[in-house]
Each structure stands twice: as C-alpha cells, then as structure tokens.
Amino acid sequence: MKTTDEISLFIAQWMAVNLQLTLEELDTEQTFLFYGMDSMDMVNLSVALSESLGVEVSPEVAYEHTTPQALATHALTLLA
C-alpha cells in the first residue's frame with residue numbers, strides 16, 4: 001500500500017521531469033497552475049498516476065485537487 005508521501009513524491013518527480021524543474025524547485029503545496037501546467041499536462045499526469053497506482057485517476061480531479069499534495073491525498077482514497 002502506498003502512502004500519501006510516496007504518491008506526492010511520484011507526482012513531484014513526474015512534474016520535475018516533464019516541466020524541466022528540479023525537485024528542490026517544486027513545492028507540493030503550490031498549485032499546478034502556478035507551475036504552468038495545462039490540460040494536456042494534467043491528462044498526461046493522470047495517465048502516469050493511473051499506471052503507477054493501478055487505478056483510474058481522472059484528469060478532472062486535478063482541477064478539484066489543485067496541488068500535488070491534495071491530489072496525492074485524493075489518489076490515496078482511490079486505493080482504499
């Protein structure tokens with residue numbers, strides 16, 4: 001079973017690679033919009049997160065859970 005911290009780290013690592021940032025530059029309490037993520041980024045993140053967790057994570061949830069930490073917390077509930 002994954003933890004919120006592990007899921008949050010996965011999201012941060014995905015963002016770092018895809019947005020060409022370092023992990024040190026990312027704040028998991030900052031919004032996806034702050035980092036310039038658009039709808040295509042959210043679709044790609046949700047696909048990667050779905051594959052990592054083995055459950056479907058809809059791209060729309062990132063608009064309801066607008067930070068990596070909030071998305072990680074929500075994703076954990078999908079595993080229950």
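The values are calculated or read from the model by the stated rules, or taken from the named source; none is laboratory data. Only a predicted model underlies this, so the values are computations on that prediction, with no experimental measurement involved. Cβ atoms come from the backbone with ideal geometry, glycine included; neighbour counts cover every protein chain shown. Just so you know, the surface numbers come from the protein's heavy atoms only, side chains and all, with ligands and any DNA or RNA stripped out. Shrake-Rupley method; radii C 1.70, N 1.55, O 1.52, S 1.80 Å.
For the reader, a short list of remarks on this structure follows.
- Leading residue by the ranking (nearest to Ser58 (Cα to Cα)) among those in the range 7-27 that are in contact (Cβ under 8 Å) with a residue 24 or more places away in the chain and either in contact with a Lys or Arg (Cβ under 7 Å, 6 or more places away or on another chain) or open to solvent by 40 Å² or more (accessible area, probe 1.4 Å) (or both): Phe10
- Residues of the range 42-76 that are modelled with pLDDT under 95 and of a type in the set (Ser, Thr, Tyr): Ser58, Tyr63.
- Annotation: Ser39 fulfils all but one of (1) open to solvent by less than 50 Å² (accessible area, probe 1.4 Å); (2) of a type in the set (S, T, N, Q); (3) at pLDDT below 95; the unmet one is (1).
- Scan of the range 42-69 for residues that are touching a helix residue (DSSP H, G or I) at 6+ places or on another chain (Cβ under 6 Å) and open to solvent by 60 Å² or more (accessible area, probe 1.4 Å), ordered by number: Glu56
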